[in-house]
Amino acid sequence: MDAHVTRSDLRGTARAPPSKSYTHRALLAAGYSDGATVESPLVSADTRATARAVTAFGGSVEPVGSGGNGDRAVEIPDDADALAVDGFGGRPAVPDDVIDCANSGTTMRLVTAAAALADGTTVLTGDGSLRSRPQGPLLDALSDLGVRAESTRSNGQAPLVIAGPLSGGEVAIPGDVSSQYVTALLMAGAVTDEGVEVELTTDLKSAPYVDITLELLADFGIEATPVDGAGDPLDGAAGAAGFSVPGGQTYAPSGGTYAVPGDFSSISYLLGAGAVAAEPGEAVRIEGARPSAQGDAAIVEIVAEMGAPVDWDREAGEIAVERADLSGVTVDVGDTPDLLPTIAALGAVADGDTRIENCEHVRYKETDRVSAMAEELGKLGAETTEEPDVLTVHGSESDLEGATVDGRHDHRIVMALAVAALDAEGTTTVRGAEHVDVSFPGFFDAMADLGMGVEREGAIE
């Protein structure tokens, strides 16, 4: 699908979608349990992949009140308010078929560790993009724990073959490739017989995503502790030398329910759009912005630092942002990789240089987001300098004009380019706009309600 976006003035209120990161973890945690209800989930292409995996392991995921029979996959509508998960009690069954994780890297990594608990063999695959993403460190870790964990092409990429059962133990893994490897081991380790002790061989990047995991595990009654080099407990994942998870635990949220908070990765596009294009004298208001462990909440401070008036009512969970002449900033995205596309788009509009540092790991997402943003913003007239670990956007040298840009089959690239298009002269055509379904299915509807001039047409083969 193409989205044709024209320069627009925005005003009004939009609601952020629920967090994709929390929804993935909540669905799998409920799967590990004897059963739980996940309230306010994000229903998207990615989270449906995790729901399918829970079903493949012997559980079921159904909209509350759907009348499903609990023993087969049920279609989950986009607007489902709550999902009833019949869990597999910490012991996944061997799937009847290959698990297709589609384009969801989170699903593949979390489910790979879950598959290691099954007493038999599980095969996982995904689409072309997912089959190019690195899984090797997690496979190596599971192999060190006594599980058969292989890439069918012997390149550390899917399709993957996992054969358990995993009983637990001690394992070392790098922390600078993907925090999802750590999350996968923590979630699975809690239901092993022996528990799992994880040692990090390199500094942990994206630590706030592990904090999300720790917060959710605690809400499900699971003990998991970050430790320093001496083995002493820490309050959070930042600076951790490893993690300790006792075995034999039971997943059980208080009252049998877990509510998913709003998603700050998605909020970043709404916030950025308001800073770029709010009608003079008016504000764009964003609902669903309650505080949580999400590191991507840093976007509120970043946008304010760039010069936009931002008011965050944390108790009400509402952010108001006004348009401003933005100035370039320097941002380290080591802990917040998903913010890079948004920051790059804002940098193309701002005066001066916006320098995005510590971003090499952002190259291993759905696409190489560093190069993708540099190249696609370049089509709009932005000047950038790309280094292995740094992306600099030269806003003062950029004069944005409408062009045809490619979303690269990546939801975050699509939404970030749409934000930049709000400041471009003329019409910008964003190809592959349908990929917003991965994390923010109603993105273009929400933007249109705020006043974005957008027309959608066709489908891209």
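Positive end of the charge dipole of the chain (Lys, Arg +1 and Asp, Glu -1 on Cβ, about the Cα centre): tell me which of HIS411, PHE264, THR392 has its Cα farthest that way.
Among HIS411, PHE264, THR392, the one farthest towards the positive end of the dipole of the chain is HIS411.
For a quick size check, give me the Cα extents of the range 334-461 along its three principal axes, largest first, whole Å.
Ordered largest first, the range 334-461 gives principal extents of 36, 29, 26 Å.
Based on Cα coordinates alone, diagonalise the gyration tensor for the chain, multiply each eigenvalue by 5, take square roots, and list the semi-axes in whole Å, largest first. Intermediate results must be reported in sequence, preceding the final value.
On the way: eigenvalues 266, 107, 87 Å².
Each semi-axis is √(5λ); the values are 36, 23, 21 Å.
Relative to the compact globular guide of 2.2 N^0.38 Å, what is the alpha carbon radius of gyration of the range 78-237, as a ratio?
1.01
So what's the back-of-envelope 222 nm ellipticity for the chain, counting only DSSP H runs of four-plus at -39500 (n - 2.57) apiece and dividing by all residues, rounded to 500?
-8500 deg cm²/dmol
If I model a spin label as a point 7 Å beyond the Cα along the Cα-Cβ vector, how far apart are those points for VAL98 and ASP144 in nm?
It is 3.0 nm.
Normalised by the empirical 2.2 N^0.38 Å for globular proteins, what value does the Cα Rg of the range 412-461 take? Could the numbers behind the result be given before it?
Numbers: Rg = 10.5 Å, N = 50, 2.2 N^0.38 = 9.7 Å.
Expressed relative to 2.2 N^0.38 Å, the Cα Rg reads 1.08.
Quick one: net charge around PHE264, please, counting Lys, Arg +1 and Asp, Glu -1 for every other residue with C-beta under 12 Å from its C-beta.
Overall, the nearby charge balance is -2.
Mind checking the dipole of the range 20-259: about its Cα centre, +1 per Lys or Arg Cβ, -1 per Asp or Glu Cβ, Debye to the nearest 20?
640
From the alpha carbon gyration tensor of the range 1-85, can you work out the equivalent ellipsoid semi-axes (sqrt of 5 times each eigenvalue) and give them in Å, largest to smallest?
Output for the range 1-85: semi-axes of 30, 13, 12 Å.
Listed highest first by mean packing, meaning other Cβ atoms within 10 Å per residue, what order do 428-438, 149-159, 163-173 come in?
428-438, 163-173, 149-159
Kirkwood hydrodynamic radius (Cα pairs, Å) of the range 262-306?
Working: mean 1/r = 0.0911 Å⁻¹.
Averaging 1/r across every pair of different Cα atoms and inverting gives 11.0 Å.
To make sure I understand, if each residue's beta carbon is the centre and we count other beta carbons within 10 Å, what order do LYS379, LYS205 fall in, fewest to most? Each step should come with its number before you reach the end.
On the way: LYS379 16, LYS205 22.
The most exposed by this proxy come first: LYS379, LYS205.
Charges at C-beta only: +1 for Lys and Arg, -1 for Asp and Glu. How large is the resulting dipole of the chain about its Cα centre, in Debye rounded to 20?
So the magnitude is around 1000 debye.
Across the range 439-444, in residue order, what do the Karplus-derived ³J(HN,Hα) couplings come to in whole Hz, using 6.51 cos²θ - 1.76 cosθ + 1.60 with θ = phi - 60° and x for Gly and Pro?
9, 9, x, x, 4, 5
Starting from the Cα of GLU287, step 7 Å toward the Cβ, then list every residue of the range 427-461 with an amide N under 18 Å from that point.
Those under the cut-off are 441-451.
By how many nm would the segment from GLU315 to GLU455 grow when fully extended, if each residue of separation counts as 0.36 nm and the alpha-carbon distance is taken off?
Taking GLU315 through GLU455 to full extension adds about 46.8 nm, to one decimal.
Which lysines, on any chain, are close to LYS379 with Cα under 23 Å apart, when same-chain ones fewer than 8 places away are left out?
LYS365
In whole Hz, what ³J(HN,Hα) sequence does the range 323-329 give by Karplus (6.51, -1.76, 1.60; θ = phi - 60°), x for Gly and Pro?
Working through the residues one at a time gives 5, 7, 6, 7, 10, x, 9 Hz.
Sequence-distant or interchain residues sharing an amide H contact under 5 Å with GLY247, placed H: which?
GLY195, VAL196
Projecting each Cα onto the charge dipole of the chain (Lys/Arg +1, Asp/Glu -1 at the beta carbon, about the Cα centre), which of ILE302, GLY126, ALA278 comes out farthest on the positive side?
Selected residue: GLY126.
Roughly how big is the range 131-279's charge dipole about its Cα centre, with Cβ charges of +1 (Lys, Arg) and -1 (Asp, Glu), in debye to the nearest 20?
Dipole magnitude for the range 131-279 comes out near 720 debye.
Using θ = phi - 60° and the Karplus form 6.51 cos²θ - 1.76 cosθ + 1.60, what ³J(HN,Hα) does each residue of the range 382-389 get, whole Hz, x for Gly and Pro?
7, 9, 9, 10, 10, 10, x, 10
Would you order ASP235, ASP96 from fewest to most other beta-carbon atoms within 10 Å of each residue's own beta-carbon?
Going from sparsest to densest Cβ surroundings: ASP96, ASP235.
Under 5 Å between amide hydrogens, which residues at least 5 positions from GLY156 or on another chain qualify, with H placed 1.01 Å from N in the peptide plane?
SER151
On a full-extension model of 0.36 nm per residue, what is the gain between ALA218 and ARG363, subtracting their alpha-carbon distance, rounded to one decimal in nm?
Roughly 49.1 nm would be gained on extension.
Please give the peptides 131-137, 318-324, 252-258 ranked by average Cβ packing (other Cβ atoms within 10 Å per residue), highest first, as a rough proxy for protection.
Highest to lowest by the protection proxy: 318-324, 131-137, 252-258.
Amide H to amide H, which residues 5 or more places from GLY402 or on other chains are under 5 Å from it, using H placed in the peptide plane?
Amide H to amide H, under 5 Å and 5 or more residues apart or across chains, GLY402 pairs with GLU425, GLY426, THR427.
Could you give me the radius of gyration and the Dmax of the range 1-152, taking only the C-alpha atoms into account and expressing both in angstrom?
17.2, 58
Sort ASP211, ASP140 by Cβ crowding within 10 Å, fewest neighbours at the top. Don't jump to the answer; show the numbers that get you there.
Values: ASP211 21, ASP140 17.
Going from least to most buried by this count: ASP140, ASP211.
Select from ALA53, ALA424, LEU217 the residue farthest towards the positive end of the dipole of the chain; place +1 on Cβ of Lys and Arg, -1 on Cβ of Asp and Glu, and compute about the Cα centre.
ALA53
Read-outs throughout are calculated quantities, based only on the coordinates presented, and are distinct from any laboratory measurement. Since we're looking at a predicted model, the values are computed, not measured. All Cβ positions, even for glycine, are placed from backbone atoms using ideal geometry, and neighbour counts span all protein chains on display.
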